[in-house]
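Read through the structure below, which is laid out as structure tokens, and then see the notes.
The values are calculated or read from the model by the stated rules, or taken from the named source; none is laboratory data. Quick caveat: nothing in here was measured; it's all calculated off a predicted structure. Cβ: placed from backbone, ideal geometry, glycine included. Neighbour counts: every protein chain shown. Ligands, DNA and RNA are stripped out before the accessible areas are found, and what is left, the full protein with its side chains, is counted by its heavy atoms. Shrake-Rupley method; radii C 1.70, N 1.55, O 1.52, S 1.80 Å.
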Amino acid sequence: MCDAESAVVVSKIVYIGAKMLAESLLKEGSLKKAGVTNLVKHKNGFEEAKEYLCKLKVRNAETSNEEEKLILTKCLKDYRLDRAENKIKDFLENWIAIQGKIAAADLLDRNDKSSGLDGIKTTAFLGEYTIKINKLQTIRELMHKAEFRAKTFIENDTSIPEMLSLYTSLALSYQNDNDQKTAIGYYESALMICKQFFYDDNEKIRDALMNLANALLEIGQEDLALQQFEEALCVNESKTVEKADILTAKADIHANNEDDERAQQLYHEARQIYEEILGKRHTKVGTVYLKESIIWYKLENYKLSKKLAERSLSIITICDPDNEEMIQRTKELLSSVAKRT
């Protein structure tokens, strides 16, 4: 990848401790020297962050922007160390997103193919990155620009992974705005790419099918959603958390359509997988126990309904005590069961 003139410049920040930013993103030297390549290469940087140590320290904050240097220094002076860590982290997260957006836009504006591909890849990374920091909507226009540019390289396999990422990020951005119709269109495009170019990657296909199914559920298209979930199960035969998620989603559809016996079978199968992989005390396990309890209540098996609701409550109060809505629902169900027995 070229040494882009507008590539992101990250100050030389040396910290002693602090689970703040990935060492790969903050190591001495700047991204300007390496170009946008490093921004893409280290897209998983935050997941690689080091463990907390005792304190923070800014050394040799070499930057052309004095405002940036002052903010970093002020963070350490005005906040306790634990708060300074978060303050610097938030600042750099936003800074990287903004500078990355500028760099990507510049590359997309260039006429040569190499820069165009670099811009597409950088934008694809920024889509994934801004999802994590809840700023996906801020780069939608840039993603559309990259999408248009990417279509000119469709014959080049190197652009395909980035197009898949772009379509998925664009779909999510519209889903966040409750524009399910547009989101579904992008999820369908993502699925088409998966089936055409990643036909042997079951995980990619499964995830694309689940994304589309969940979007279809948002607009009440249960039959179409069920078809996607069925197909997702076909490509995910092994026992995984995702398989249990699909079974639970299918069970929800059957429960909504008063097919209680089939729903119960699916909930039971999903719960067994969750317990095997996640353990018996996990939020997902507690959630399915509640769903099962509701089914058995409808089937007038109040003894079993009570037993499962109590299990759900014991798990959720320990594993997810802040989930007041679910705890309240479970207590209300137990109250209803008590009136019936």
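Considering only protein heavy atoms, with the full assembly of protein chains and a 1.4 angstrom probe, order Thr330, Thr168 by accessible area, largest first. Mind dumping the intermediate values first?
Numbers: Thr330 0, Thr168 45 Å².
If we order Thr330, Thr168 from most to least accessible, we get Thr168, Thr330.
What fraction of the Cα pairs in region 117-201, stated in percent, has a spacing above 20 angstrom? Please report the intermediate quantities before stating the final value.
Working: 977 of 3570 pairs.
Value for region 117-201: 27 percent of Cα pairs lie more than 20 Å apart.
Could you give the distance between the Cα centres of region 130-152 and region 172-194, to the whole Å?
Using only Cα atoms to place each centre, the spacing works out to 13 Å.
In region 241-317, which GluC sites (Glu not before Pro) fall in coil by DSSP and have 13 or fewer other Cβ atoms within 10 Å? Show your work: numbers first, answer last.
Details: sites: Glu242, Glu258, Glu261, Glu269, Glu275, Glu276, Glu292, Glu300, Glu310; in loops: Glu258, Glu300.
Within region 241-317, the qualifying GluC sites (Glu not before Pro) (loop, at most 13 other Cβ atoms within 10 Å) are Glu258, Glu300.
Just flag the trypsin sites (Lys or Arg not before Pro) in region 278-341 sitting in loop per DSSP whose Cβ has no more than 14 other Cβ atoms within 10 Å.
Numbers: sites: Lys280, Arg281, Lys284, Lys291, Lys298, Lys303, Lys306, Lys307, Arg311, Arg329, Lys331, Lys339, Arg340; in loops: Lys280, Arg281.
Sites meeting the loop and neighbour criteria: Lys280, Arg281.
How high is the relative contact order of region 248-335? Use alpha-carbon pairs under 8 Å, at least six apart in sequence, and give a whole percent.
Numbers: 96 pairs, mean separation 20.0, N = 88.
Once normalised by length, the contact order is 23 percent.
Given 20 °C and 1.002 mPa s, how large is the Stokes-Einstein diffusion coefficient of region 196-275 in µm²/s, with Rh as the Kirkwood radius over Cα pairs?
Values: Rh = 12.7 Å.
Estimated diffusion coefficient is 168 µm²/s.
Can you pick out the pairs among Lys204/Lys280; Lys284/Lys306; Lys145/Lys204; Lys151/Lys195 whose Cα atoms lie more than 22 Å from each other? Each step should come with its number before you reach the end.
Details: Lys204/Lys280 28 Å; Lys284/Lys306 19 Å; Lys145/Lys204 24 Å; Lys151/Lys195 17 Å.
Checking Cα-Cα distances, Lys204/Lys280; Lys145/Lys204 exceed 22 Å.
Mind grabbing the accessible area of Ile131 for me, 1.4 Å probe, Å², rounded to tens?
Taking all protein chains as shown, Ile131 has close to 60 Å².
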